[in-house]
Every structure is written in C-alpha cells, then in structure tokens.
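To start, the structure under review is shown below, and the notes come after it.
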Amino acid sequence: MARTRVYRNGVLEAEDFPVQQVSDYLQDPACTVWVDVCAPDRTELAIIADELQLHELALEDAVNPHERPKLNRYETHLFVTAYEVDLDAATGRLSNDPVAAFITRQALVTVRTSDTFDIDHVVRGWDNSSDLAKFGVGFLLHGLLDHVVDSYFEAVQSLDDEIEGLEDVLFDDRPRDAEVQRRSFELRKSLVVLRRVVIPMREVVNALMRRDLKIVDDAMAPYYQDVYDHVLRATEWTDSLRDLVTTILETNLTIQGNRLNGIMKKVTSWAAIIAVPTAVTGFYGQNVPYPGFSNAVGFWTSSGLMVVLSGALYIIFRRRDWI
C-alpha cells in the first residue's frame, strides 16, 4: 500500500490518500506531493507512472536492487538512486538498502525494494523541519538525502570503532593472529561496499545543486551544500579507514615475523647450549686412551667443561636478549 502526503503552501494538508488523486493535487501549483511504495508490483508502478508520466527506463531501474547511486535526467522528471547502509557490529558486515526517487517540480516519489529502508525516520525529519516545507520538492528531497548520508556517518563511525578494537587485539600479549586476519578481512569487505555507495553519491548531490535543474533554490542551497560536505567527509573517512585496515594487516604480518625471529633466536640459543654437552660427551666417548681415560679425573673434567661452557653461552645469550 502506497503512503502519500500533500503539502499546500508549505503546510501538511492530507496523508494516505489514494494514488489516483495525485494528479488532482498537482493541478494546484501550491501543492507538493510525496508518494512512497515498497516492493511495488507492475500494477502499482503503472498507476504512479500514469499519474506523473514517468519514463519506462526509470521504472525498470527503480525495482532493480543492483543499480549504482546515480542521477538520470528525463524530459518530465529526474531519477535518483541511493543506498541506506547499516553495519552489523557482531559480524562486521555492511548491509545496504536501496531507494529510488522520481523528482518532478511538484512531486517526489520514493520506491523501496524492501521495508528495511527506514522511511519513517525520513518522515520524522520532515516533521521536525516543517518550517522548510514551503520550499516544496527541494525540502522533501533534502530530507531523504540527509537520512541516507547520515547512515554513511553512522556506518563509518562504527567501522572506526571496530578498527580501534582490532588494534588492541593486534598488540595483545597473547597472539590472536587468526582473529586479526578474519576481522580485518571482514572490515575491508565492508569498507569496499561502503566506498562503492559513498563515492557516486558525491556526484549525485553535486549534480542536484546545479541551477539548470531548478530543484534546489537559493534558500535550500546551504542545506544541500551541508549534505555535500558530509558526503565528502564520509568519502575521505572511508578511504582513510581502508588504508588503516591495510596497515593493520601489514603490521600483523610484521609482528608475526618478529615473533618468529624471537622464537628462532631462543631455539637456536638453546640448541647451541645443548650442543656443548653433546660435543664434550662425544669427545670423551672416543674408544681410545686419552688423559683421564678410565679415571675419575676424566669424568670431573668433562662435567666441568660442560657446566662452564654451557653457563658461559647462557650468560652471553641472556645479555643479548636471545633467551
């Protein structure tokens, strides 16, 4: 079922009226109409298209969940696609929910492929800024884009927190290499998804501020500029986090290498110490007469050599922090 609203001279006049009445309201230049449909079928889209003369290619793109964020210009309307994002802190996976918008001089039509897109939050934003409703479609579109861009900031902030937690795990006294690698891979995938929807959004907002489109007037221009600045910040933040995750992976490999070198030094040091008794007992194990052969002096001499040489090696390795 479609949700509808109509503003007359900036004042909310009616809600949830039939879509068939949209064209009647649009006959009054003072009216601005919003229509929202979720997972529409062909019949619902046909009714809306007939009311607003929407292009068939834009209708196809509206129900395609794999479109990139973009702005298309048609003869009777503009078409925008965008994505709301949400990060699952437990798994580190980023989900994205598409929304398509048809924009005319007096109407905004939003099409969602699923109910996971929080359109209620957008409506609450409109109600909280009702003093701007007099600016018509520019006001409604700003509320929608502002909600989408805010979801970018929430996601990137959550990713930043996750990466900070990963840094603590990286330098933990107990090696947790498998966890670091798994979480780094998940966060990197989420950043790739986020970057895929954030960067094109910069072009969308910038294009909407063009004067020849006549969507954003002078009064709403600062609000759109604010959204544009937020998109730029989200883009830069996403790129910096992506580089940081790469650095964490490289640092983890370096730490593993350093840890392995330390282990090798210890193993080699103990092997050298153990080799001394082996060498001494091997020498004195010769089946030939030698000084102290078959005598207690030979036993004490060999034992003394083993203790002294092993102790000397232990002290030397200890001073060099090899043990």
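The values are calculated or read from the model by the stated rules, or taken from the named source; none is laboratory data. In this text the structure is predicted, and so the values were computed from the model without any measurement. Note that we place each Cβ from the backbone using ideal geometry, even for glycine, and neighbour counts take in every protein chain shown.
Structure above, values below:
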| quantity | calculated |
| --- | --- |
| Residue match in segment 100-119 (condition: more than 20 Å from V205 (Cα to Cα), in a helix (DSSP H, G or I) and touching a residue at least 12 places away in the same chain (Cβ under 8 Å)) | no |
| Failed criterion for Q256 (all others in (1) in contact (Cβ under 8 Å) with a residue 24 or more places away in the chain; (2) over 30 Å from R320 (Cα atoms); (3) not charged (D, E, K, R) hold) | (2) |
| Residue count for segment 189-213, restricted to those that are in contact with a helix residue (DSSP H, G or I) (Cβ under 7 Å, 6 or more places away or on another chain) and over 15 Å from W237 (Cβ atoms) | 4 |
| Exclusive hit being part of a strand (DSSP E or B), over 36 Å from the mean Cα position of the chain (by Cα) and either charged (D, E, K, R) or farther than 23 Å from V123 by Cβ (or both), set E51, E13, E84 | E13 |
| Unmet criterion (only one of (1) free of Cβ contacts under 8 Å to residues at least 40 places away in the same chain; (2) surrounded by 15 or more Cβ atoms within 10 Å (Cβ to Cβ); (3) in a helix (DSSP H, G or I)) for R124 | (2) |
| Pair list, Cβ under 8 Å, 6 or more apart: segment 151-165 residue farther than 12 Å from E84 by Cα, other residue among the aromatic types (F, W, Y) | V156/W237; D160/W237 |
| So Y83, is it in contact with a His (Cβ under 8 Å, 6 or more places away or on another chain) and either among the aromatic types (F, W, Y) or at pLDDT 90 or above (or both) | no |
| Selection count, segment 269-323, where residues are among the hydrophobic types (A, V, I, L, M, F, W, C), at pLDDT 75 or above and touching a Leu at 6+ places or on another chain (Cβ under 8 Å) | 3 |
| Residue among L141, L166, L145 that alone is modelled with pLDDT under 90, surrounded by 19 or more Cβ atoms within 10 Å (Cβ to Cβ) and not β-branched (V, I, T) | L166 |
| Selection within segment 218-246 - of a type in the set (D, E) and in a helix (DSSP H, G or I) | D226, D229, E236, D239, D243 |
| Filter result for F153 (among the aromatic types (F, W, Y) and either buried (at least 18 other Cβ atoms within 10 Å of the Cβ) or modelled with pLDDT of 85 or more (or both)) | yes |
| Some residue of segment 109-118 being of a type in the set (G, A, S), farther than 21 Å from F153 by Cα and crowded, with 21+ Cβ neighbours inside 10 Å | no |
| Test: residue in segment 60-68 that is in contact with a strand residue (DSSP E or B) (Cβ under 8 Å, 6 or more places away or on another chain), acidic (D, E) and in a strand (DSSP E or B) | no |
| Residues satisfying the stated conditions in segment 176-212, i.e. more than 12 Å from the chain's Cα centre (by Cα), part of a helix (DSSP H, G or I) and over 19 Å from L249 (Cα atoms) | I199, P200, M201, R202, E203, V204, V205, N206, A207, L208, R211, D212 |
| So T91, is it touching a residue at least 12 places away in the same chain (Cβ under 8 Å) and in the same structural domain as V197 (by TED's automatic domain parsing) | yes |
| Enumeration of residues in segment 195-228 that are hydrophobic (A, V, I, L, M, F, W, C) and surrounded by fewer than 17 Cβ atoms within 10 Å (Cβ to Cβ) | I199, A207, M209, L213, A219, A221 |
